[in-house]
Amino acid sequence: MGKERLKNLDYVIFIPYIIMSIVGVVMVYSASANIAIQNGGNPLSYLIKQLIFVVLSVGIVFFMMRMNIKYLRIQGFLKILLALFVVVLVCLLAFGKTINGAAGWIHLGPVNIQPAEFVKFFLIIWLADAIDRGQPEITLSVRNWWDQMKRPLFWTVVLIALILKQPDSGGAAINLAIAFILFNCSGFSWKHALSIIYGCAAGAVLIFEMVLVPMAKSDSFSHSYQLQRIVAFTNPFGHAQGTGQQVVNSYYAISNGGLFGVGLGNSVQKTGYLPEPNTDFIMSILTEELGAIAAFIVLALLTIIILRTVQIGVRSNDTYQSLICYGVATYMSIQTFFNMGGVLGVLPITGVTFPFISYGGSSILTLSLCLGLVLNISSSQRIQRRAMKVARK
């Protein structure tokens, strides 16, 4: 069955994914070589790591395509993953490596792992399973919906609160968006919304107690990294030499690039003016070097993947598979929105990477897990349609 799925590969998703991964490798090298040299390292270091991540991601995509999705629904497996993520996120608050103001990283030799990224994949498969198993009871009444969904809702709030506590506002917002869409697809009526409101209210109180109250009491409130990002967003040019430096230099990079760019490798802003040119602001460098048209093409390729994912979800007769597709589409859409919002200065900088283009192993591997799952569902649909055509003949 696994080989048959590979023969029915959905190229509408796979080809844009490969193109974006290749563009990502090229742009990571272009954006990072100068940084590596300035830090006294090997200019090829980021390129080599990104190549490894991409090769691993392609392997993960094919692995997810071949596997039986039923294995992801084993209750013992899901419970172990939930416990593991809760324990890891709690430990990160005490022992996590701090990068860009968030203690959300596990340092393993030459690489750093960000567990909050993998929580996105877990939430998708876990909530999709919980909602599917609750059918059709959850559509019968508010009480039935609450009885079935209160446990997933509680643990979702806990996971998101722990991510926000790091603080990783971007990761928390993306996970919240995934959960919100999936809960909204669970089939509840307007009366069931009361349960969501109660859950959100409880989560808001928890977040308030864990994050906002301690922050407000802290002497370093005015020096908070997250607060500085918001201040920079409201008036980037007023803080051009400090917290607004990223946004201002992102504007310069986009302006320098025009429609066709200044040429690959010829960016000025990556030479020390724009921080994080190979991660959060790689689209600024891509626009400067290759032009606005190239940036539009990249966005178009990602849009194709997202729309195709939604289409696969709509076509599926299986609730679990549909929910997975909607969750993955939400994940990629919100992550792109947050990244481009920060690059263009229409949203505060959240430290969110651009899918498949930015440097970062955790993000690429998580996206590949999700994309492989969608391709698995798409291939299964094609096999089923072909079998139905044969049966009709």
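Of the residues in region 305-328, at least one is touching a Pro at 6+ places or on another chain (Cβ under 9 Å), within 25 Å of residue 276 (Cβ to Cβ) and not small (Gly, Ala, Ser). Inclusion of residue 387 among residues that are open to solvent by 10 Å² or more (accessible area, probe 1.4 Å), at pLDDT below 95, within 20 Å of residue 4 (Cβ to Cβ) and not charged (D, E, K, R) is warranted.
Pairs linking a residue in region 106-130 that is over 17 Å from residue 171 (Cβ atoms) to a residue that is in a strand (DSSP E or B), with Cβ atoms under 7 Å and 6 or more positions apart or on different chains, are 107/97. If you filter region 42-66 down to residues that are out of contact with any Leu (no Cβ under 8 Å at 6 or more places or on another chain) and among the aromatic types (Phe, Trp, Tyr), you find that the one that is surrounded by the most Cβ atoms within 10 Å (Cβ to Cβ) is 46.
Would you please name the residue that is farthest from residue 46 (Cα to Cα), looking only at residues in region 340-362 that are touching a Leu at 6+ places or on another chain (Cβ under 9 Å) and open to solvent by less than 30 Å² (accessible area, probe 1.4 Å)? Only one residue tops the list, namely 341.
Evaluate the following for residue 81: is it over 23 Å from residue 281 (Cα atoms) and touching a Lys or Arg at 6+ places or on another chain (Cβ under 9 Å)? In short, no. Mind checking whether some residue in region 363-370 is of a type outside the set (D, E, K, R) and open to solvent by 20 Å² or more (accessible area, probe 1.4 Å)? Yes, region 363-370 has at least one match. Of the residues making up region 241-273, just one is open to solvent by less than 30 Å² (accessible area, probe 1.4 Å), modelled with pLDDT under 80 and not in a helix (DSSP H, G or I), namely 244. Does region 322-341 contain at least one residue that is part of a loop (DSSP other than H, G, I, E, B), at negative phi, touching a residue at least 12 places away in the same chain (Cβ under 8 Å) and in contact with a Ser or Thr (Cβ under 6 Å, 6 or more places away or on another chain)? So far as region 322-341 goes, no, none of its residues is part of a loop (DSSP other than H, G, I, E, B), at negative phi, touching a residue at least 12 places away in the same chain (Cβ under 8 Å) and in contact with a Ser or Thr (Cβ under 6 Å, 6 or more places away or on another chain). Based on what the data block shows, is residue 378 within 28 Å of residue 276 (Cα to Cα), hydroxyl-bearing (Ser, Thr, Tyr), modelled with pLDDT of 90 or more and assigned to a helix (DSSP H, G or I)? Against the criterion (within 28 Å of residue 276 (Cα to Cα), hydroxyl-bearing (Ser, Thr, Tyr), modelled with pLDDT of 90 or more and assigned to a helix (DSSP H, G or I)), residue 378 does not qualify. Here 35, 69 are screened, and the one residue that is crowded, with 19+ Cβ neighbours inside 10 Å and touching a residue at least 40 places away in the same chain (Cβ under 8 Å) is 35.
The values are calculated or read from the model by the stated rules, or taken from the named source; none is laboratory data. What you are looking at is a predicted structure, and each value in this text was computed from that prediction instead of being measured. FYI the Cβ positions are ideal-geometry reconstructions off the backbone, even for glycines, and counts take in every protein chain you see. Heavy atoms of the whole protein, side chains included, go into the accessibility calculation; ligands, DNA and RNA do not. Shrake-Rupley method; radii C 1.70, N 1.55, O 1.52, S 1.80 Å.
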